[in-house]
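Q: Dumping the structure here so I can ask a few things about it.
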Amino acid sequence: MKTKILLPFLFLIVLSFGCNRTYTGQGPVVDEVREVGEFNRIVLNMEALVVVKDSLVHSCVVKAQGNIQEAIITRMDGNTLVITTKGQLITNEEIVIEISMNKEMAFEVNGSGKILSMNTFKNDELDFEINGSGVIEADVVANKITSNISGSGILDLSGSANSFNMQISGSGTVNSFNLVTLDAKASISGSGEAEVNAGKSLYAKVSGSGAVRYLGNPEISKDISGSGTVEKHVQ
């Protein structure tokens with residue numbers, strides 16, 4: 001009876017130790033092709049640069065020092081490609097992950113990672129989410145874009161869209177002067193900043209010391225609580 005109780009306990013200890021293991025990078029950077037299915041969402045849960053290319057084929061290549069490749073996990077969760085680690089990574093070499101995809105997309109960064117699109121993505125709906133200090137940069141053509149930043153993250157968008165609905169909680173930043181939109185909604189709670197290019201309408205809600213700056217001549221509706229501002233950008 002004691003053995004039956006002790007073995008699961010020891011197994012839990014081994015699992016816990018494995019999750020807390022530190023991997024120190026050594027040697028040259030190598031490319032490792034990962035097996036993936038079709039996906040329309042990328043979730044990045046580690047410090048790495050993810051470079052996304054528009055392609056008919058879905059693929060994933062991890063560029064990192066050989067002895068830490070095993071600690072970089074790429075797994076499918078339904079239609080989502082999740083990128084994470086199974087321990088702590090210490091390396092002087094930037095970890096770069098090259099991804100190809102072609103379906104309606106959504107990007108999510110949790111932590112301090114960065115996602116960069118290399119092509120113009122054309123989709124009906126696009127979604128961007130940052131939790132922490134991560135960065136997303138993308139050039140897009142879409143009907144509807146939604147974004148949510150919690151923390152100090154940065155979202156940098158260019159291209160065009162019919163509507164753009166953004167939310168910022170904290171000190172995050174949305175740089176979208178180069179994203180031409182018809183209708184835009186910006187909601188800021190905290191000290192965040194949003195740069196918007198709207199041609200038809202702009203609804204801005206600011207709670208705190210946040211700021212919304214806009215280009216174009218949209219019809220303005222605003223709700224300000226605190227020392228926040230909504231003002232036209234002077235070029």
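Q: When you scan the range 124-235 for strands (runs of 3 or more DSSP E) that lie fully inside it, which ones turn up with 2 or more residues that are under 19 Å from residue 52 (Cα atoms)? Outline the logic, then answer.
A: Details: elements: 135-151, 154-170, 173-190, 193-208, 211-215, 219-225, 229-232.
Answer list for the range 124-235: 135-151, 154-170.
Q: Can I ask one more? Of the residues in the range 42-74, how many are buried (at least 19 other Cβ atoms within 10 Å of the Cβ), touching a Lys or Arg at 6+ places or on another chain (Cβ under 9 Å) and assigned to a strand (DSSP E or B)?
A: Residues flagged as buried (at least 19 other Cβ atoms within 10 Å of the Cβ), touching a Lys or Arg at 6+ places or on another chain (Cβ under 9 Å) and assigned to a strand (DSSP E or B) within the range 42-74 amount to 5.
Q: Restricting to the range 40-93, give me the number of residues that are among the basic types (Lys, Arg), at pLDDT 95 or above and under 19 Å from residue 123 (Cβ atoms). Full working, then the answer.
A: Filtering the range 40-93 for residues among the basic types (Lys, Arg) gives 41, 53, 63, 75, 86.
Now restrict to residues that are at pLDDT 95 or above: 41, 63, 75.
Still in the running and under 19 Å from residue 123 (Cβ atoms): 41.
Going through the range 40-93 one residue at a time, the tally reaches 1.
Q: State the number of residues belonging to the range 112-131 that are among the hydroxyl-bearing types (Ser, Thr, Tyr) and crowded, with 18+ Cβ neighbours inside 10 Å. First the steps, then the outcome.
A: Residues of the range 112-131 that are among the hydroxyl-bearing types (Ser, Thr, Tyr), as a first pass: 112, 117, 120.
Checking which are crowded, with 18+ Cβ neighbours inside 10 Å leaves us with 117.
Result for the range 112-131: 1.
Q: Need the failing condition index for residue 98 against (1) crowded, with 17+ Cβ neighbours inside 10 Å; (2) modelled with pLDDT under 95; (3) of a type in the set (Asp, Glu), just the number.
A: Only one criterion is unmet by residue 98, namely (2).
Q: If a residue has to be out of contact with any Phe, Trp or Tyr (no Cβ under 6 Å at 6 or more places or on another chain), more than 21 Å from residue 162 (Cβ to Cβ) and either modelled with pLDDT of 95 or more or not in a strand (DSSP E or B) (or both) to count, how many in the range 101-123 make the cut?
A: The qualifying residues number 9.
The values are calculated or read from the model by the stated rules, or taken from the named source; none is laboratory data. Only a predicted model underlies this, so the values are computations on that prediction, with no experimental measurement involved. Please note: Cβ atoms are built from the backbone with ideal geometry, for glycine as well, and neighbour counts cover all protein chains shown.
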